[in-house]
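Input: a single structure, listed below in structure tokens.
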Amino acid sequence: MAPRPIIVWYRNDLRVDDHEPLRAALSQGTAVPVYCFDPRQFAETPEGFAKTGPFRTRFLRESVADLRESLRALGGDLVIRHGRPEDVLPALAAELDAAAVHLHAEVTSEETDVERAVTDALTPLGVTVRAFWGATLHHPDDLPFAIADLPEVFTRFRGKVEKRSSVRPPLDAPATLPSLPQIDMGSLPSPAELGAEEREPDPRGVLPFRGGESEARARLEAYLWQDDLLRVYKETRNGMLGADYSSKLSPWLALGCVSPRRVHDEVSRYERERVRNDSTYWLIFELRWRDYFRFICAKHGTRVFQRGGLRRLDLPWRDDPELFERWRMGTTGYPLVDANMRELAATGFMSNRGRQNVASFLTKNLGLDWRLGASWFESKLVDYDVCSNWGNWNYVAGVGNDARGFRWFHILKQAERYDPDGSYVRHWLPELAGLRGASVHAPWELPRDDLERAGVRLGEDYPRPVVDFHASIRANERVYEEAAP
């Protein structure tokens, strides 16, 4: 008698390589890979934004399509459904007489709520649910402490992990897959069927970011091996303009098109065959930051989403929709902030340096609730990762467990350091293209004659600053210090 099939429920792990739920299912018989487009992921956030915006919608659909092609190339296939997993998976399990459902575990509330609903619906059918861990570089079982004892400061986490934890080798993709039972495989829903918008990113963006495991491996191959860019990663990683100042692997990592263990394995091979230096270390360092945010979410649960953040700070954030709209649309009058916000709106991407600056400006200059920014990023980012996004916003807003008090970014000094000739700002703010060099970063300081020669009329072609930079910092710092213990 043939063993009963096992459903492999794909979510943020859209790959065949290094996929333990798939490998475990295959070891027991027939694996039936399934992806379910959950309509809740295409609803609105509490702030009224599309939960999955146009760029991530496109990237997700491409990634699911690529996964199906990869599975088909091995002899298998991908079942695609559009509906709530707690409705879809039990119906599919009954149709297939499935023995179990395998999945990669998540840690945040929306995802774990769905996992529980699926388990509750499958239990009466006699279908077991088995969860595996595959989202991080380090497996939680290999950490030198329990999740409940996770250090509250990243440097302590990193120090202990680097000394006392190892990275498991990635699992190779199966060579072949068994054919699936006779069943409707389903089709990829269109953006309209999902109730979502989809559009191509602006060609001025750093990369087109095509979704899928094959694209992820191609980017990894190009960045490390073909273009040999990893050797200078630490020196270039704070750039903002162009494709190669950083690895740009984050969209594929966010959807699990490539695993962090596979990236680590390739970096280790690069260190053996090319060079081992601060840059190779730093890429793994960034992956450990990513781990840390996920483990922090596993430890603290919903606190990462709450107004007071992980520190439970009761800060009187301003409620000013017009001010938030100026930030969101990139019309604050501060060119570095505006250029980054317009890049995000046009492409779904922004450099790490840019993200820190715009988050600092929203919270430390405008004094607006950090959750508005986190929610906007959730909607727009092609590389949205729930733990990294909300963890980073906690940190920059000063409400995170690892925050450094009222830490703020000096926007003008940041602009002079990371965009010294103004190329990035002019790239995204064409109305300021006539301003030469670093003068583009503070147009309000220029004489009227210089502005007229550049064809810039402040308040008409480009807005005046929405707040006084230093006065707003001082005012919000007083508010923070009064609220902080």
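The values are calculated or read from the model by the stated rules, or taken from the named source; none is laboratory data. Computed from a predicted model, the values in this text were never measured in an experiment. Note that each Cβ is placed from the backbone with ideal geometry, even for glycine, and that neighbours are counted across all protein chains shown.
Here are a few things to note about the model shown:
- Residue count for the stretch 399-447, restricted to those that are buried (at least 19 other Cβ atoms within 10 Å of the Cβ), touching a Pro at 6+ places or on another chain (Cβ under 8 Å) and not in a loop (DSSP other than H, G, I, E, B): 6
- Restricting Gly373, Gly309 to those that are touching a Phe, Trp or Tyr at 6+ places or on another chain (Cβ under 9 Å), at pLDDT 95 or above and assigned by TED's automatic domain parsing to the domain that holds Tyr395 reduces the list to Gly373.
- Evaluation of Arg288 against (1) over 29 Å from Phe145 (Cβ atoms); (2) in a helix (DSSP H, G or I); (3) touching a residue at least 12 places away in the same chain (Cβ under 8 Å); (4) basic (Lys, Arg) (one fails), failing number: (1)
- Residue count for the stretch 110-126 under the criterion of being under 17 Å from Ala98 (Cβ atoms) and either outside any helix (DSSP H, G or I) or not hydrophobic (A, V, I, L, M, F, W, C) (or both): the result is 6.
- Comparison of Pro124, Pro174 shows that the only residue that is more than 30 Å from Pro54 (Cβ to Cβ), out of contact with any Phe, Trp or Tyr (no Cβ under 6 Å at 6 or more places or on another chain) and free of Cβ contacts under 8 Å to residues at least 24 places away in the same chain is Pro124.
- Restricting Phe145, Phe157 to residues that are part of a loop (DSSP other than H, G, I, E, B) and hydrophobic (A, V, I, L, M, F, W, C) narrows the list to Phe145.
- Qualifying positions in the stretch 160-171 - part of a loop (DSSP other than H, G, I, E, B) and free of Cβ contacts under 8 Å to residues at least 40 places away in the same chain: Ser165, Ser166
- Applying the condition of being buried (at least 22 other Cβ atoms within 10 Å of the Cβ) and not small (Gly, Ala, Ser) to the stretch 296-311 and asking which residue is farthest from Ser109 (Cα to Cα) yields Leu310.
- Given (1) touching an Asp or Glu at 6+ places or on another chain (Cβ under 7 Å); (2) at positive phi, number of the condition Gly398 does not satisfy: (1)
- Restricting attention to the stretch 218-245, the residues being more than 20 Å from Lys380 (Cα to Cα) and in contact with a Phe, Trp or Tyr (Cβ under 8 Å, 6 or more places away or on another chain) number 12.
To keep it simple, each residue is scored yes or no on (1) aliphatic (A, V, I, L, M); (2) assigned to a loop (DSSP other than H, G, I, E, B).
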position: Arg199; (1), (2): no, yes
position: Gly211; (1), (2): no, yes
position: Leu220; (1), (2): yes, no
position: Glu235; (1), (2): no, no
position: Met240; (1), (2): yes, yes
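Quick grid of which residues meet (1) farther than 28 Å from Arg204 by Cα; (2) β-branched (Val, Ile, Thr):
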{"site": "Leu368", "(1), (2)": "yes, no"}
{"site": "Lys380", "(1), (2)": "no, no"}
{"site": "Asp402", "(1), (2)": "yes, no"}
{"site": "Val440", "(1), (2)": "no, yes"}
{"site": "Trp444", "(1), (2)": "no, no"}
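- The requirement of being part of a loop (DSSP other than H, G, I, E, B), within 24 Å of Ala254 (Cβ to Cβ) and not polar (S, T, N, Q) is satisfied by Val382.
- Those residues of the stretch 72-85 which are buried (at least 20 other Cβ atoms within 10 Å of the Cβ) and out of contact with any Phe, Trp or Tyr (no Cβ under 8 Å at 6 or more places or on another chain), in sequence order: Gly76
- Yes/no for Arg116 being in the same structural domain as Asn12 (by TED's automatic domain parsing), at pLDDT 95 or above and of a type in the set (Lys, Arg): yes
- Applying a threshold of 6 Å to beta carbon distances and a minimum spacing of six or more residues, or different chains, the list of pairs starting in the stretch 304-333 at a residue that is under 23 Å from Arg478 (Cβ atoms) and assigned to a loop (DSSP other than H, G, I, E, B) and ending at one that is of a type in the set (S, T, N, Q) and modelled with pLDDT of 95 or more reads Gly309/Asn394; Leu310/Asn394.
- Only listed residue being within 17 Å of the chain's Cα centre (by Cα), closer than 26 Å to Asp18 by Cα and not polar (S, T, N, Q), chosen from Val79, Val101, Val107, Val64: Val107
- Residue within the stretch 349-359 that is touching a residue at least 60 places away in the same chain (Cβ under 8 Å), in a helix (DSSP H, G or I), closer than 30 Å to Val258 by Cα and among the β-branched types (Val, Ile, Thr) present: no
- Scanning the stretch 1-37 for residues that are surrounded by fewer than 22 Cβ atoms within 10 Å (Cβ to Cβ) and among the acidic types (Asp, Glu) yields a total of 2.
- Filtered residue count, the stretch 38-66, keeping only those that are in contact (Cβ under 8 Å) with a residue 12 or more places away in the chain and in contact with a Ser or Thr (Cβ under 8 Å, 6 or more places away or on another chain): 12
- Scan of the stretch 173-194 for residues that are surrounded by 12 or more Cβ atoms within 10 Å (Cβ to Cβ) and outside any helix (DSSP H, G or I), ordered by number: Ala173, Pro174, Leu177, Pro178, Leu180, Pro181, Ile183, Met185, Gly186, Leu188, Pro189
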